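Everything below concerns the one structure shown next.
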Amino acid sequence: MSYARVLVEIDLREELQHSVAVSLSSGPFLQQKAVYESLPKFCNFCNVIGHTRSLCSKAATASATEVLVENTLPIQIGKGSVFDRLGPQIEQQLLEILALSVESTDPVQLHEFPL
């Protein structure tokens with residue numbers, strides 16, 4: 001049994017190769033499985049070495065903002081609307097509160113906000 005250990009510089013932003021084509025001296029190519037002995041923790045969201053996407057504070061903030069925006073109901077002003085009775089200043093205050101909650105970095109605060 002023989003093996004070769006190779007040191008290769010890779011771009012962690014690119015997808016890792018699972019195999020390598022090796023040219024044999026007899027002519028044909030051999031598809032050899034690639035085994036990575038050690039890889040650094042790399043966040044593919046912010047492209048930083050040292051943590052993974054699951055622990056990335058920037059990714060958590062971005063996904064929490066997306067969830068809030070997707071789950072926000074549109075404010076409809078019209079017949080029977082609370083804004084007809086309370087006035088446009090209430091609508092503006094609600095929009096400002098929603099904008100502040102989207103900027104929040106704490107996901108717990110986003111879920112505690114009553115709509």
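All of (1) basic (K, R); (2) at pLDDT below 60; (3) assigned to a helix (DSSP H, G or I) hold for K79 with one exception: (3). Search segment 32-58 for residues being assigned to a loop (DSSP other than H, G, I, E, B) and among the hydrophobic types (A, V, I, L, M, F, W, C), and hand back the single one that is surrounded by the fewest Cβ atoms within 10 Å (Cβ to Cβ). Only one residue fits best here, namely V35. Residues in segment 1-31 that are out of contact with any Ser or Thr (no Cβ under 6 Å at 6 or more places or on another chain) and in a strand (DSSP E or B): how many? Summing the residues that are out of contact with any Ser or Thr (no Cβ under 6 Å at 6 or more places or on another chain) and in a strand (DSSP E or B) in segment 1-31 gives 6.
The values are calculated or read from the model by the stated rules, or taken from the named source; none is laboratory data. Note that the coordinates shown come from a computational prediction; the quantities given were computed from them, not determined experimentally. Reconstructed Cβ throughout: ideal geometry from the backbone, glycine too, with neighbour counts over all protein chains shown.
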